[in-house]
1. Across the stretch B:38-52, what is the total count of residues that are assigned to a loop (DSSP other than H, G, I, E, B), in contact with a strand residue (DSSP E or B) (Cβ under 8 Å, 6 or more places away or on another chain), among the small types (G, A, S) and surrounded by fewer than 23 Cβ atoms within 10 Å (Cβ to Cβ)?
2. From A:L155, A:L115, A:L163, A:L128, which residue is more than 14 Å from chain B (Cβ to nearest Cβ), touching a Lys or Arg at 6+ places or on another chain (Cβ under 7 Å) and not small (G, A, S)?
3. So which of B:A251, B:A276 ends up being aliphatic (A, V, I, L, M), in contact with a strand residue (DSSP E or B) (Cβ under 8 Å, 6 or more places away or on another chain), closer than 26 Å to B:G292 by Cα and in contact (Cβ under 8 Å) with a residue 40 or more places away in the chain?
4. Would you point out the residue of the stretch A:1-47, among those that are free of Cβ contacts under 8 Å to residues at least 12 places away in the same chain and of a type in the set (A, V, I, L, M), that is farthest from the other protein chains (Cβ to nearest Cβ)?
5. Applying the selection to the stretch A:205-229, what residues are farther than 15 Å from A:L149 by Cα and buried (at least 16 other Cβ atoms within 10 Å of the Cβ)?
6. Please list, ordered by residue number, the helices (runs of 4 or more DSSP H) wholly in the stretch B:182-280 having 1 or more residues that are small (G, A, S), touching a Pro at 6+ places or on another chain (Cβ under 9 Å) and not assigned by TED's automatic domain parsing to the domain that holds B:S24.
7. Go through (1) buried (at least 21 other Cβ atoms within 10 Å of the Cβ); (2) in contact (Cβ under 8 Å) with a residue 40 or more places away in the chain; (3) more than 11 Å from chain A (Cβ to nearest Cβ); (4) of a type outside the set (D, E, K, R) for B:L136 and report which single condition fails.
8. Out of B:L27, B:L88, B:L33, report the one residue that is at pLDDT 90 or above, more than 30 Å from B:N135 (Cβ to Cβ) and in the same structural domain as B:T182 (by TED's automatic domain parsing).
Amino acid sequence: MIASIAGNELRRLFLSPLAWSLLAVMQLLLGWLFLVQIETFLELQPRLAALENPPGITELVAMPLFDSAAVILMLLVPLLSMGLFSREFLNGTFSLLLTSPVSMTSLVVGKYLALLATLAIMLLLVALMPLSLLLGGSLDLGTLSAGLLGLALTLAAYGAVGLFLSSLSRQPAIAAIGSYGVLLLLWIINLAGSGRGSALFGQLAISSHFHRLLSGLVVSSDLFYFALLIVTCLILTIRRLDTLRSDG
Amino acid sequence: MEPLIKTEGLYRYFAGFCAVRDVSFELQRGEVLGFLGPNGAGKSTTMRILSGALAPSGGQVRLDGIDLLERPIEAKASLGYLPENPPLYRDLTVDEYLRFCARLRRVPRSRRAKALQQAKRRCGLEGSGRRLIGNLSKGYQQRVGIAQAIIHEPKLVILDEPTNGLDPNQIREIRGLIRELTETQGIILSTHILPEVQAVCDRVLILHAGRLVFSERLENLRQHHRSDLLIQTGNPLEPAALGELPGVRRASPLGDNRFRLQLDDDADPGVIAEYAVEKGWRLHELCPEQQGLEQIFTRLTTTESIQ
């Protein structure tokens, strides 16, 4: 059942030009940034050779690329997720799902899996760029996979937030704006001061956990943070849809 | 045998406003139930509750003996629902959409292709399988909506205003389809078109201001009003002359040589016709009064609305 829902969602995502254009825009922007990073690296290379323990191409090209990808995708993922539920509300198709013998949980999980599949395609496109450097050089594959894991978890978290916001509104645009608000806040919330409370804000921010993974450190508390954020959003979505049934 | 649907004391409030108040009824297998009521009477709300799309504030719904609130997934398996606006994905083709619906309604994989063919055949969609739903006309979209509701051969089909916005030919086709469905399924139909109810329904429920104000089998309704006859003659008559007719209890003039005759229960209209010819009244019209349902509807939904 979950597979049917996910399959239908994925099919409709790619039947509309939305997913394709988002992929194209993402690839254009990140391709440009990738080339800029390579150029910078080539300029720096003679000076790096003089250093005792120089940073490699993974640290200087792949990681900045992933960092920019996380910011650019923060702007693109809400556009992908905004329609997941709000468009069903708007078109009245939600009553089809509601009157079918399907639980809210499989509905939400099915839709989320479809979104994850799309995000996986995005991730693959991003990962292929630094991996292409293997043709002419060597990469620190350990750091690279930690960075990729960080980007994957960040995208999954964006998707979960977007899914929840989409279940709150009949208007896709409002769902997208809401997602921007929440995601940007979660991204910059660690900028707050340096007092006693700021450690908490650091814990709340997506960016602080993501940057630790980008530096090549895989810490279980970071993985736990992402899992918690995703599961919370999914449960909130299920609760929201149940309330919708009882409140009209 | 367990009735196909049984509701007890349904209530539904929207932010303090009571949309459905103490609605209880039953539907037996193979019956067509017509929901009537003015706009805003709570028809759609009741149907949304029956279909499981909306939880009632109070009361119980049992579909085929299974409680809709306690075991929703099992109960919904025997249900097909067409809301007022058909729930269609406009960017899918008819086949893609119906295949998804079949999976959603848990039609086993081995039977899906057959179920798809059958639903399309019943709804006259054989040639439209590869067309985009968004490009279909309103009538065809409505058919896809009905196909969606019957693809898993549910025991109960709920149709909310299925002929809304269709042209007369399409309405006739949809009614034919509904009649075909009654052979195998129980149907609940909401509408505010009275002739539609008379054309297809076995039983009528009238809702007014959220209350169930009338519930009767249509054949009983016909019997009630069989005793009224309209007569029009070419020659002017006195009501007294009509009163002499065999089996006539009372004759009331309607003007222009028309009279309403109230008959005894065992009166034979044929005898009246013969009598009128014998007397040389030049009979122009003699017909049973057809407006039974309409009268009831008007009486129940206008006088009480003041309360």
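The values are calculated or read from the model by the stated rules, or taken from the named source; none is laboratory data. Worth saying up front: this structure is predicted, and the values here are computed from it rather than measured. Positions of Cβ are generated from backbone atoms using ideal geometry, with glycine treated the same way; all protein chains shown enter the neighbour counts.
1. Start the filter on the stretch B:38-52 by keeping residues that are assigned to a loop (DSSP other than H, G, I, E, B), which leaves B:38-42, B:52.
Narrowing further to those that are in contact with a strand residue (DSSP E or B) (Cβ under 8 Å, 6 or more places away or on another chain): B:38, B:41-42, B:52.
If we keep only those that are among the small types (G, A, S) as well, we get B:41-42, B:52.
Checking the rest, the ones that are also surrounded by fewer than 23 Cβ atoms within 10 Å (Cβ to Cβ) come to none.
Residues meeting the conditions: 0.
2. Working: A:L155 fails: touching a Lys or Arg at 6+ places or on another chain (Cβ under 7 Å); A:L115 fails: touching a Lys or Arg at 6+ places or on another chain (Cβ under 7 Å); A:L128 fails: touching a Lys or Arg at 6+ places or on another chain (Cβ under 7 Å).
None of the other options fit; the residue is A:L163.
3. On the way: B:A251 fails: in contact (Cβ under 8 Å) with a residue 40 or more places away in the chain.
Every option except B:A276 fails the conditions.
4. Step by step, filter the stretch A:1-47, then rank; the result is A:L42.
5. So the first thing to find is which residues in the stretch A:205-229 are farther than 15 Å from A:L149 by Cα, and the list is A:205, A:228-229.
Once the filter is applied, which keeps residues that are farther than 15 Å from A:L149 by Cα and buried (at least 16 other Cβ atoms within 10 Å of the Cβ), the stretch A:205-229 yields A:A205, A:L229.
6. Details: elements: B:194-200, B:218-224, B:239-243, B:269-278.
Ranges flagged: none.
7. Among (1) buried (at least 21 other Cβ atoms within 10 Å of the Cβ); (2) in contact (Cβ under 8 Å) with a residue 40 or more places away in the chain; (3) more than 11 Å from chain A (Cβ to nearest Cβ); (4) of a type outside the set (D, E, K, R), B:L136 violates only (1).
8. Details: B:L27 fails: at pLDDT 90 or above; B:L88 fails: more than 30 Å from B:N135 (Cβ to Cβ).
Result: B:L33 is the single residue among B:L27, B:L88, B:L33 that is at pLDDT 90 or above, more than 30 Å from B:N135 (Cβ to Cβ) and in the same structural domain as B:T182 (by TED's automatic domain parsing).
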